[in-house]
Amino acid sequence: QVQLVESGGGLVQPGGSLRLSCAASGSIFSIYTMAWYRQAPGKQREMVATIPKLGTTNYADAVKGRFTISRDNAKNTVNLQMNSLKPEDTADYYCYAAVQISSRTAISPYWGHGTQVTVSS
């Protein structure tokens, strides 16, 4: 089994910053794409940022220039630095990882349980 555990959410004022972290653990052979998604109340889950094992990152238009995704392949972690936060960034943020648990198995998606981010004065 693979577990993804997020941390770093909380309450922040507009214009402030937060850093989310996600650590993957368990039976892991290789992790491919890692990503952050978010879901605001009453809305569908949406992609925030993705980062492949090797290659370029991708961001939702709403967060470009404000958020930065990074990963540490040796530690199986992914981070999301969020700057210039806006009230519309308020949501539950979920970590995602595409994981292969052995060389003989397919790549499967895994999700964390989410961490809440509230941007409010």
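The values are calculated or read from the model by the stated rules, or taken from the named source; none is laboratory data. Computed from a prediction, not measured in an experiment: that's the story for all the values here. Glycine gets a Cβ as well: all are built from the backbone with ideal geometry, and neighbour counts include every protein chain shown. Heads up: the accessible areas ignore ligands, DNA and RNA and are worked out on the full protein's heavy atoms, side chains in. Shrake-Rupley method; radii C 1.70, N 1.55, O 1.52, S 1.80 Å.
Overview of results
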read-out	value
Of Lys75, Lys53, Lys86, the one that fluctuates the most in a GNM where the chain has Cα springs shorter than 10 Å	Lys75
Positive-end residue, segment 34-105 charge dipole about Cα centroid, Cβ charges, pick of Asn58, Asn73, Tyr37	Asn73
Normalised contact order of the chain, rounded percent, pairs of Cα under 8 Å and 6 or more residues apart	36 percent
Kirkwood Rh, Cα atoms: Rg over Rh of segment 34-103	0.99
Cα-Cα P(r), segment 72-121, percent of pairs per 5 Å interval	5, 15, 19, 21, 15, 10, 7, 4, 2, 0, 0
Viscosity 0.890 mPa s, temperature 25 °C, Stokes-Einstein D of the chain from Kirkwood C-alpha radius, µm²/s	169 µm²/s
Size of electric dipole in the chain: Cβ of Lys, Arg +1 and of Asp, Glu -1, about Cα centre, debye, nearest 20	220 debye
Segment 22-78 - percent relative contact order, Cα under 8 Å, separation 6 or more	35 percent
Surface per residue (accessible, 1.4 Å probe) for the chain, Å²	54 Å²
Residues listed by number, segment 80-97, amide nitrogen under 16 Å from Ser7 label point at 7 Å toward C-beta	80-81, 95
Rounded percent of accessible protein surface that carbon and sulfur make up, the chain, 1.4 Å probe	48 percent
Segment 2-70 and segment 75-98: distance between their alpha carbon centers, rounded to Å	4 Å
In sequence order, calculated HN-Hα J values of segment 2-18 (Karplus, 6.51, -1.76, 1.60; Hz; x Gly/Pro)	10, 10, 10, 10, 8, 8, x, x, x, 9, 9, 7, x, x, x, 10, 9
